[in-house]
Structures are given as structure tokens and as C-alpha cells.
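Comments concern the structure below.
FYI, it's all coordinate maths here, none of it is from the lab. Since this is a predicted model, take the numbers as computed values, not measurements. Neighbour counts run over all protein chains shown; Cβ positions are idealised from the backbone, glycine included.
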Amino acid sequence: MSETAKRRNILLDGLEQIGDAGLFLPTLIAAIPRSMRYFRETVRQLWFVGAMSLIIIMTCGLFVGMVLSLQLYHVLEIFGGTASTGTVVALAVYRELGPVITALLFAGRAGTSMTAEIGLMRATDQLSAMEMMAVDPIAFVVTPRFLAGVIAMPLLCCVFAAMAIFGGHLVGVTWLGIDNGTFWSNMTSNVDVWKDVVDGVLWKGLAFGAVVTLISVHQGYTTPPTSEGVANATTRTVVASSIAILALDFVLTAFMM
Amino acid sequence: MTEANDSSGSEANNNSMVRARGLKTSFGSRVIFDGLDMDIPRGKITAIMGPSGTGKTTLLKHITGQLKPDSGELLVDGKNVTQLNREGLYDLREEIGYLFQNSALLTDYDVYENVAFPLRQHTRLPEVLVRNIVLTKLQAVGLRGAAKLMPAELSGGMARRVALARAIVFDPMLILYDEPFVGLDPIALNQVLLLIRTLNQTLGITSVLVAHELAAIQQVADHVMLVANGKVVAAGDPRSIADDGSPWTRQFFGGESDGPVPFHYPAADYAAELGLGEGA
Amino acid sequence: MTQRRSHAVGTGLFIVLGFAALAYLATQTTSLVNVSQGASYTLKARFTNVGQLKNRAPVKLAGVRIGSVQSIQLEPAKLDALVTMSIDKRYNQIPEDSSASVLTSGLLGDQYIGIQPGGSPNSLKNGDELILTQSAVQLEDLIGKFMVNGSSGDSKKK
């Protein structure tokens, strides 16, 4: 077994996973009407993947904003353009760093726990038990998690971005002494609602949320029912999500330009 | 329904809860069932025994429709499982209790919510009624006091009893026990045995047991079937089946290491593989 | 049951916080903040060159933001740029003979319109045009001039 497994082409393996996950998506979406009966479950998952991720997202957002402000201030100082610090922090966070870092953190925190949870349910026959109790595990377990992820990610991105702006302001204005009015007026005259906030934070957040949760629930649902299987699936979730986020980010950015 | 009438009349159909004819299943190149015929009588406790890897759990999954056989006919309570759609299967499954080998309790919920789970999913009963039903079932398995515990806090025997309470919460017509005695200490084993018998006698639930423990089965089962080689090789009363003279029963119940079930996994000739065949 | 309720409450809080963050981003850190500034009136000015001036760039008087650029159009007849500015109603006492210039904040900063007040007792009204204007100083031109002067000066010394 291990001999043949080793010999299998990694590329082919990856393609198979992508295809399989892609086919999983229609199944998942088809189960949305049925999973409306388990709306409470979606709310519960929203609590786990959304509310419970807030602290890490907020902390990281704050520090990203602070470090960006610090770096940019010293670079822009060379050209006498420190007034633009706020603008550059906002643009960098809205268009790229916000959605990407949030998605990477989300994959690490919520994605892995989804994979491990569903994988363990598979390993301990809980999914079969649900089927035996005439409860569709896709509608009851998988779809609520997917919906929760898709809803939570854009919101988390917004929280991250807001914290980053706050952090940038803290360092730029309070610490380094950029004029408060300059900081804001520069930002407000250069940041566009549609191009930066909606396209960047919201759409990217939504797309990343869908991709990360799809990968997570698919990996969990197709886990081989062993402890090794669950461990491998969790690792694969992080690796596949990270690659997917960064690759998709490039594609989306190219489209939005 | 019509197919049942076509093949062998309605009399057999009325007496058997599960009826299989010519069941064939294979996983890849491995043949699990090769034309299996089987009748499980209504209202009785039937034990299915057989060497490991003969597909006893697969047989249970066929009965519940979780796995479809490659060909053959399988009637459960007169309904052809292989032809039911999703809704039909789910309706049927509400009538079947299934006790998993590892209990399969939902780890997110406490004991009370685990037992209440099927009720909450399929009915809109008022909370008072749910509470009454759940406590009745928990009382039946002797774990009413453990209602607030989480599955992780239960011992193996307790978890299995909770799973049993959950399986009977809808008063099913059929309960399938997948290896209910594995890993239980003698006390817990006797508790589970007692429950299986009580449920069968008081509620008239048809019970199907998949197990290896002959002593336990002799205490509880009305009927034993020995599955090997993809077929039912022997069937009969649990006390007499061991002496029916077939080589299968002799090996299985006698516990002989070699017989129709070979000790050696199929392999090339030993001498040849060691390189002695040609040299000699 | 209580645990379930606390989940629902926590989830609700999370959603509210998320949308609050979105609302904050959208209204407080973007150009929307300038759009939604209550009543305003428009003024016009013509420039031979607006440089890198963009829509929604600030309009300042004595360094204080009093409005923003609404549109920049090319006037086909005169071949100059017509800039329409919306000015906050509060600042409705700008003298008639004030002048407008396209200025740059800092060396790399964005361009904005600065208004130098004149001395006339009459104020500009909605739709009026500022006659006195000064176009954007092109950095390239400045550098070019400086280089030419500098090099000629050097050669004279030699």
C-alpha cells in the first residue's frame, strides 16, 4: 500500500483533491434548503468560527496596523510624505493584507478545527449514526459549518481592517506625531468605498471564506477513519487553504484592477 | 411489494422482518457476499455470527440502506431497500434502531440531548413530552441519573446503554446491534444482555445481533446464523447449531485454527517463494 | 438551554460588531465621509492645467478643508479645465475676488485646491466662478528649470 501511495504523482493527487472538493460544493449547496431546519446549528457554528475567532483576529489586526504605520512612516519620511501614512495603511489593509491575513488565520483557527471535528465524527461513526437516525449529515453537520464560514469571514475581515486602522492611527498619530486631521483627510480623500472596502474587504473576504471552509469540511468529511487520517487531513487543510488563498488572491486582484 | 409476491408468496414475507435473496456484494475484487439468502424472523432475537471479515457489519449496512448491494433482493418489513429513494430510506430508518460498535454518541451534546436528538430532529413535541420520553428511556437502561453527563465522561458500558436508549427512543420495530459485547467487563456485558432480552420481550422488538461471544448469544438468541464465504453456511437453534456436523460450525464453534477458514492467507507456494522449489 | 441561548447572544454580538466595523470602514475612512457632509453649494474655476488633481480632492481655505472637487471637465471651446467644487454651506462668505490655485501638500502629497481670499465685500454665490486662478506647478518643469539654471551657472563659474 505505502509503496503505491508513494509512487502516486503528487500533481495527480492534488488535482484529484481539487476535483473532489469541487464536486462536493454542489452537494453542499443542494443541502442548504434542508439545512434550514437546523438553523440553530448554523448559529452555533457561527459562534465557534466567528465569535471565538474575534480575539485572535482583533489582536493580529491591531499589530499589523501598528507595524505598517511604523514602517511606512519611516519610509515616507524620506520623501516628506508622512501625511500619506494613513492612506497607505488603509489601502494595504483593505485591498490585500486584511482579507489575506484574516483568511490565513481563519484557516488555522477555524478551518483546522472544522476538519478535525468532522473527521473525528467520521472516525467515531457519529456521521453514520446520524444517517441511521434519518438525519442527513451533510445538511446537519457540513452545510451549517460552510454557511457559518461564508458569513463569518467577511465580518472578520471588517473587524481586522478596523483594528488595523486603529493600530495605524495609534502609532502614526499618537506616537509618531502625524497630525490627526492630516491623517484622516488624506485617507478619506484617497480610499474609495466600492473599489477598496467593498471589492477588497467584502468580496475577497467572502471568496476566501467560501474556499477555506469548503476545503476544511471536504477534508473532514472524506477523512479516513483513523487517528492518522484525521491528523493528515488537518495538515492538508492548512496547506491547501494557504495555497488556495494566495493563488485566489492574485486572480481576484487581477480581475478587480 | 409486488416483487415479494412474485417470488415466494406473502406467507414468508409476513413472518420475516428481513428477507434477502441472492445478495451479491463486492468491494473491488474482494467478494463479500456471493448469493446470500437469509430470513430474519419477526419478534425474535437473531444472532449473526461468523469469522472476522465476512461482512457482518456490511450486512447490517445493507439492511439500513447505507450501502447498496451489487445485486439481489432485500426486503425489510416488506419494502425493497435497494429501490428506496432518500426519503423512503429515511422513513424506514426511523423504524430501525442501530447500536454502533463504538456507541457513536454525539460528543457535542450531553446524555439527555443525545437521547432527545432523534425526537428533536423529527418531531415538534413540547419540551415536557420530550423530557418524559427521554427520562423513560434512560430509566429503562438505568442511566436516568447520568442525564447531565457528557459522552466523554461515560464508561464504555454506560455509553453503549445510552446509545441503546437513543436507538429505542422512537420504539422501533427492528434493532440492529453491531458487536454489542465487545470491550465490556462481565458486569456491563450482563447488563447489556439483560436489556436486549427485556426490550425484545416487553416491546416485541425484532433484534439482530452481530457478535462473536457464543456464551452470551446462547443466553439471549432464539436463532443463530453463521455467515462465511459470502453465504449463510449454517442456521438454527443456538444450543444445537454447534453440533450440526458441518465443517464450518465445527471450526467456528470449536475454535480450530485451520479448516474451511484457512490459517494462512492465500499465498504462492511456500517452498517456491523461498527459492527451494526449482533447486530441489 | 441556557448554554444555547448564550451562543445565540454571542453570535448576535459578533454579527453586530462585524457590521459596525464595516459601517465604520465605509463611512469614516473613505471618501464617503466628504460626500455626506450636509448642505453645500458649488463654485467653478478654470485652470490651464490641473496637474494630478482628482475628483473629491479637498478644497482648502487658510489650510482648513471647506469642500471638495466635484468634477473636472475639459472645456472644449477654450481648451482649459473646468473644475466644479462643492463647498460647505457654512463657508458662504468667500469674497468675490478670491483666487484659486492647485497646490500640492508636501513633496509627494496629493494635490488640492487652495483658495486665497480677496478683499471684496461681496461673497460668491452658488454657481459663481472664481476668475483668478493659478494652475498646478508641474514638478517636472520646476526640476527641468532648476537643472538648466544650475548647469549653466556651473559652466559660467568655470
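Quick check for me: using +1 on Lys/Arg Cβ and -1 on Asp/Glu Cβ, what's the dipole size of the stretch A:35-256 about its Cα centre, in debye to the nearest 20? If you can, show how the numbers build up before the last one.
Values: 10 positive and 13 negative charges, 58 e Å.
It comes to approximately 280 debye.
Net charge dipole, the stretch B:1-148: roughly 440 debye, given to the nearest 20, about the Cα centre with Cβ charges of +1 for Lys and Arg and -1 for Asp and Glu.
What is the mean number of Cβ atoms from other protein chains located within 10 Å of the Cβ atom of each residue in peptide B:64-75, rounded to a whole number?
Numbers: counts 3, 2, 3, 0, 0, 0, 0, 0, 0, 0, 0, 0.
Per residue, the number of nearby Cβ atoms from other chains is 1 on average.
Think of the protein assembly as shown as having a plus end and a minus end, set by charges on the Cβ of Lys, Arg, Asp and Glu; of B:Leu164, C:Leu22, A:Ile32, C:Leu22 sits farthest toward the positive end of this dipole. Taking every residue in A:179-189 and counting other chain Cβ atoms within 10 Å of its Cβ, the average works out to 5. The fraction of Cα-Cα pairs per 20 angstrom bin, counted from 0 for the protein assembly as shown, comes to 14, 33, 24, 15, 10, 3, 0 percent, rounded to whole percents. Springs join every pair of Cα atoms under 10 Å in this Gaussian network model of chain A, and among A:Met130, A:Met153, A:Met163 the largest mean-square fluctuation is at A:Met130. For B:Asn190 and B:Glu95, the FRET efficiency from 1/(1 + (r/R0)^6), where r spans their Cβ atoms and R0 equals 30 Å, is about 0.55. Relative to the longest principal axis of the Cα atoms of chain B, helix B:156-167 runs at roughly 70 degrees.
Take the Cα of C:Ser123, step 7 Å toward its Cβ, do the same at B:Tyr109, and the gap between the two points is 7.1 nm.
When the Cα positions of B:Thr46, A:Cys157, B:Pro180 are compared along the charge dipole of the protein assembly as shown, A:Cys157 comes out farthest toward the positive end, with charges on each C-beta of Lys, Arg, Asp and Glu.
Return one quarter of the surface area of the convex hull spanned by the alpha-carbon atoms of the stretch A:121-257, equal to its mean projected area, in nm².
On the way: hull surface 44.3 nm².
In nm², the orientation-averaged hull projection of the stretch A:121-257 is 11.1.
This model, with +1 at the C-beta of Lys and Arg and -1 at the C-beta of Asp and Glu, gives the protein assembly as shown a dipole about its Cα centre of some 2120 debye. Among A:Trp194, B:Trp248, a tally of other beta-carbon atoms within 10 Å of each Cβ gives an order, fewest to most, of A:Trp194, B:Trp248. Per residue of A:153-164, other chain Cβ atoms within 10 Å of the residue Cβ number 5 on average.
Note on B:Asp237/B:Arg144: beta-carbon distance plugged into 1/(1 + (r/R0)^6) with R0 of 56 Å gives a FRET efficiency of 0.95.
When each of C:His7, A:His218 is scored by the number of other beta-carbon atoms lying within 10 Å, the sequence from fewest to most is C:His7, A:His218. Projecting label points 7 angstrom from Cα along Cα→Cβ for A:Trp194 and A:Thr27 puts them 4.0 nm apart.
Each peptide in C:12-18, B:254-260 gets a packing score, the mean of other Cβ atoms within 10 Å over its residues, and the list from highest to lowest is C:12-18, B:254-260.
Give me the Kirkwood hydrodynamic radius of chain A, using the inverse of the mean 1/r over all pairs of distinct Cα atoms, in Å to one decimal. So the Kirkwood estimate lands at 19.6 Å. Restricting the trypsin sites (Lys or Arg not before Pro) of the stretch B:174-280 to loop positions (DSSP other than H, G, I, E, B) with no more than 13 neighbouring Cβ atoms within 10 Å leaves B:Arg239.
Taking the Cβ of B:Phe170 as the center, what net charge do the other residues with Cβ under 9 Å away carry, scoring Lys and Arg +1 and Asp and Glu -1?
Working: positive: none; negative: B:Glu94, B:Glu95, B:Asp171.
Local charge sum for B:Phe170: -3.
The modelled label-to-label distance for the pair A:Glu16/B:Thr198, using points 7 Å beyond Cα in the direction of Cβ, is 5.0 nm. Shown here for the stretch A:188-257: trypsin sites (Lys or Arg not before Pro) in loop regions (DSSP other than H, G, I, E, B) with at most 14 other Cβ atoms within 10 Å, of which there are none. Among A:Leu156, B:Leu203, the ranking by other beta carbons within 10 Å of each residue's beta carbon, starting with the fewest, stands as B:Leu203, A:Leu156. Compared with the dominant principal axis of the Cα atoms in chain B, helix B:186-203 is inclined by about 70°.
Over the Cα atoms of chain B, what is the Rg over Rh ratio if Rh follows Kirkwood? We get a ratio of 1.03 for chain B. With the charge dipole of the protein assembly as shown set up from +1 on Lys and Arg Cβ and -1 on Asp and Glu Cβ about the Cα centre, the Cα lying farthest toward the positive end among the listed residues B:Asn190, C:Gly51, C:Ser101 is that of C:Ser101.
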